[in-house]
Every structure is written in C-alpha cells, then in structure tokens.
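Accompanying notes for the structure given below.
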Amino acid sequence: MEAEYPTANDWYKSHRPELKIYRGEWIAYTNKGVISHDRDYDKMKSGIDPSLSSLDYVIERIFESEFVEPIRFYPVRMRTLKAHDWQPKYELIMKSHNAVKVKILVDSGAELSLITKKLGRDLGCAKGEGEINNKAEGVGGSIEYLLREVEIELDGHIFTAPVAWAQTDFCQEILLGREVVFDLFDIEFKQAEEMIIFKRRSQ
C-alpha cells in the first residue's frame with residue numbers, strides 16, 4: 001500500500017524520478033500517489049474519482065523530452081552535455097469560476113502566463129459571443145488565445161494576473177509568465193537543490 005505523505009508535493013518530491021514513465025501525459029496525484037493519467041487531458045480527468053474536490057489533487061503535465069512539442073510559448077530549450085533532469089515547476093491554485101490546483105512551469109521567457117484550452121474550460125472560462133482570438137508567436141509557431149484575468153494563490157498569497165487561455169487544441173503548455181507575478185515576487189531558482197523560492201516583495 002502506498003505510503004501517505006503530508007502533502008501532494010511531498011509525494012511528488014519523493015517519487016519524481018519515477019514519473020518518467022508518464023512522459024508526454026497529464027497526471028493527477030494526491031499525497032498518496034498518481035490517481036489518473038493519460039496523454040489526453042479529458043481522459044485523465046475522467047479517470048479521477050468524482051467524489052474528490054478539484055483541490056484534493058494536483059494536475060500536471062509531464063513533458064516529453066525526447067521529441068519536439070508542436071508549440072512553444074517560450075524560448076528554445078537547449079540540451080546541455082550534463083543533463084539535470086529537473087524543470088522549474090511550482091504548485092499553485094488557479095481560480096476563475098472554479099478552482100484547480102496545478103503544478104506549472106515557471107518561465108521567465110514568457111510574457112504572459114498560459115493555460116490550455118481544456119484547463120481554461122475546467123476553470124470556468126467561456127468565450128464571449130463575437131469575441132475575437134488574439135495570436136501569439138513563438139519559436140515553434142503561433143497559437144490563438146483569449147486573455148483572461150485569473151486569481152492565483154501562491155504560498156498563501158492571492159493576486160490576479162492576466163492569463164493567455166489557448167484556443168488551439170494542440171497547445172499543451174501551462175506556464176507561469178512574468179506579467180504581474182515577477183513584479184510581486186523576487187524569484188530564486190536553485191537548480192542544484194531543485195527548488196524555486198518565491199519571496200513576496202514589500203508593497
């Protein structure tokens with residue numbers, strides 16, 4: 001029987017190397033382990049026990065490092081000679097009409113935070129009648145998106161930030177970009193310790 005950890009993040013830290021088997025998939029996990037996984041976001045969500053609240057588990061996409069993703073919202077990733085298999089992701093809660101707990105890639109190269117079309121749907125985002133999509137250019141091509149104001153809870157701090165809600169189904173990235181976030185926090189990346197430290201700036 002899987003051991004129970006204090007938090008889902010504690011479980012994640014203890015089992016991160018094992019998550020390679022889920023490369024290219026969306027996973028949902030609790031402090032006891034993975035409860036659902038699939039390459040398709042909807043299939044992953046359908047495998048979650050409906051009795052669970054959306055804040056009882058964390059949603060994350062495990063990046064597939066062995067192939068090139070169809071779209072990048074951020075600069076080119078370069079593979080170093082000495083590989084360090086860690087990506088700077090951080091657990092937080094996003095809320096619009098609904099709340100979802102996610103582990104998201106912290107990306108200083110992205111101007112805006114980015115969520116997928118399906119994640120935006122789970123948050124309760126809806127496209128207004130006659131609303132026109134915006135377009136963003138990235139290294140891998142372009143995506144269409146709608147701009148939404150989303151409430152973010154990070155380490156107990158609650159703030160609102162603009163988020164690009166992707167309207168292209170093949171975009172599978174979820175990113176925490178610079179807008180608002182990098183003004184509110186001093187952020188320190190400690191790759192050797194596999195840690196990100198957010199320190200709220202004085203008002």
message: Given the condition free of Cβ contacts under 8 Å to residues at least 12 places away in the same chain and surrounded by fewer than 12 Cβ atoms within 10 Å (Cβ to Cβ), answer yes or no: does some residue in the range 32-49 qualify?
response: yes
message: Give all pairs with beta carbons closer than 6 Å in which a residue from the range 75-99 that is β-branched (Val, Ile, Thr) meets a residue that is at pLDDT 60 or above; count only pairs at least 6 apart in sequence or on separate chains.
response: Ile93/Ala99; Ile93/Lys101; Ile93/Glu153
task: Output yes when any residue across the range 185-195 is surrounded by 17 or more Cβ atoms within 10 Å (Cβ to Cβ) and within 16 Å of the chain's Cα centre (by Cα), and no when none is.
output: no
message: Looking at the range 166-203 only, could you name the residues that are closer than 20 Å to Arg61 by Cα, without any contact (Cβ under 8 Å) to a residue 40 or more places away in the chain and not in a strand (DSSP E or B)?
response: none
- request: Please verify whether the range 116-131 includes one or more residues that are touching a residue at least 60 places away in the same chain (Cβ under 8 Å), part of a strand (DSSP E or B) and of a type outside the set (Lys, Arg).
  value: no
field: Selected residue [closer than 20 Å to Cys171 by Cβ, basic (Lys, Arg) and at pLDDT 95 or above] from Lys103, Lys95
entry: Lys103
Residue among Glu179, Glu173, Glu153 that alone is within 15 Å of the chain's Cα centre (by Cα) and surrounded by fewer than 19 Cβ atoms within 10 Å (Cβ to Cβ): Glu153
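The values are calculated or read from the model by the stated rules, or taken from the named source; none is laboratory data. Predicted, not measured: the structure shown is a model, and the values here were computed from it. Note that we place each Cβ from the backbone using ideal geometry, even for glycine, and neighbour counts take in every protein chain shown.
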